[in-house]
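**Q** The following block contains the structure, expressed as structure tokens.
The values are calculated or read from the model by the stated rules, or taken from the named source; none is laboratory data. These figures come from a predicted structure and were not determined experimentally. Neighbour counts are summed over all protein chains in view; Cβ atoms, including those assigned to glycine, are modelled from backbone coordinates with ideal geometry. All accessible areas refer to the heavy atoms of the entire protein, side chains included, with ligands and DNA or RNA removed. Shrake-Rupley method; radii C 1.70, N 1.55, O 1.52, S 1.80 Å.
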Amino acid sequence: MEAIIKLISQAYDLNVTYVVISLVFIFLYKKLKLRQDRAKKDKISRISTMISEIERNSPLKYHFVVEQLFLQRFGVLIDYPAIKYFMKSERPSANFVNYVLGKKYVQFDKNYSSISYKEGYKRKRIGRLIKLDFFFYGVFSFVGLLIIFSFPNVTISMQPWAKVAYLLSGVCALIVAYIYIDDSVRLQSAIDLIEQNQNSRTINSPLAIK
């Protein structure tokens with residue numbers, strides 16, 4: 001790894017510190033993205049298991065019980081009409097996960113017969129917001145890493161409280177970077193939810209919730 005860093009530094013005439021920060025930036029982005037993807041797949045798997053358990057037992061007919069079951073599973077209250085709508089879709093598990101993550105940007109009509117973006121949010125605008133999230137992630141993660149890597153040299157003559165404040169500013173920058181990544185996942189979930197429900201044909205679910 002040290003040889004690679006030196007090679008990049010010499011090839012592009014860059015400071016070694018900036019090369020290290022750039023590599024860490026790429027590594028953190030991949031790790032965060034992978035973690036988000038794994039969490040999403042895990043949630044889809046848990047939903048599929050829950051649906052299978054319901055199908056094996058007697059159908060649930062009480063709206064409150066159904067809502068509470070989903071609340072206990074995901075920690076988010078999903079209205080019964082929304083549950084019923086997704087249970088009739090081709091991929092209910094993925095729809096539930098995308099809805100929980102992206103519900104800030106989507107809405108049902110009054111009859112819960114269709115789902116769309118909320119007023120003020122369109123496909124193109126959400127796409128731009130995702131790009132902005134990635135941009136600000138890059139900015140804040142770079143600043144945070146730069147602060148942390150430069151900490152030993154910059155804080156030599158600082159007072160103890162100033163050193164703590166300097167380090168905390170770097171940590172805060174990294175936290176903000178993570179928030180932007182998380183928001184981009186929620187925006188993408190909203191896109192996936194809308195596109196999936198617009199492009200797929202609604203079918204009857206084996207689970208009859210009435």
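**Q** Please determine whether any residue of region 110-126 is basic (Lys, Arg), over 25 Å from Ser184 (Cβ atoms) and open to solvent by 50 Å² or more (accessible area, probe 1.4 Å).
**A** Yes: one or more hits.
**Q** Could you pull out the residue among Gly138, Gly102 that is in contact (Cβ under 8 Å) with a residue 60 or more places away in the chain, assigned to a helix (DSSP H, G or I), open to solvent by less than 80 Å² (accessible area, probe 1.4 Å) and touching a Lys or Arg at 6+ places or on another chain (Cβ under 7 Å)?
**A** Exactly one residue qualifies, and that residue is Gly102.
**Q** Which of the numbered conditions does Tyr121 fail, given that it passes all the others? Conditions: (1) in a helix (DSSP H, G or I); (2) in contact (Cβ under 8 Å) with a residue 12 or more places away in the chain; (3) within 18 Å of Asp183 (Cβ to Cβ).
**A** With (1) in a helix (DSSP H, G or I); (2) in contact (Cβ under 8 Å) with a residue 12 or more places away in the chain; (3) within 18 Å of Asp183 (Cβ to Cβ) applied to Tyr121, the lone miss is (1).
**Q** Could you please let me know if Ile194 is assigned to a helix (DSSP H, G or I) and at pLDDT 90 or above?
**A** It is true that Ile194 is assigned to a helix (DSSP H, G or I) and at pLDDT 90 or above.
**Q** Also, I was wondering about something else. Could you please let me know if Ser113 is polar (S, T, N, Q), in contact with a helix residue (DSSP H, G or I) (Cβ under 9 Å, 6 or more places away or on another chain) and farther than 30 Å from Lys84 by Cβ?
**A** Against the criterion (polar (S, T, N, Q), in contact with a helix residue (DSSP H, G or I) (Cβ under 9 Å, 6 or more places away or on another chain) and farther than 30 Å from Lys84 by Cβ), Ser113 does not qualify.
**Q** Follow-up. Pick from Leu129, Leu145: which is out of contact with any Asp or Glu (no Cβ under 6 Å at 6 or more places or on another chain), hydrophobic (A, V, I, L, M, F, W, C), more than 30 Å from Lys88 (Cβ to Cβ) and surrounded by 12 or more Cβ atoms within 10 Å (Cβ to Cβ)?
**A** Leu145
**Q** I'd like the residue in region 61-99 that is charged (D, E, K, R) and more than 21 Å from the chain's Cα centre (by Cα) and, out of all such residues, is least open to solvent (accessible area, probe 1.4 Å).
**A** Here the answer is Glu67.
**Q** Is at least one residue of region 67-75 in a helix (DSSP H, G or I) and modelled with pLDDT under 70?
**A** The answer is no, given that none of the residues of region 67-75 is in a helix (DSSP H, G or I) and modelled with pLDDT under 70.
**Q** If you don't mind, there's one more thing I want to ask. Cβ-Cβ below 7 Å, separation at least six or inter-chain, first residue in region 156-180 and closer than 23 Å to Gln36 by Cβ, second of a type in the set (Ser, Thr, Tyr) and modelled with pLDDT of 80 or more: which pairs?
**A** Listed pairs, sorted by first residue: Leu174/Ser141; Ala177/Tyr137; Ala177/Ser141; Tyr180/Tyr137.
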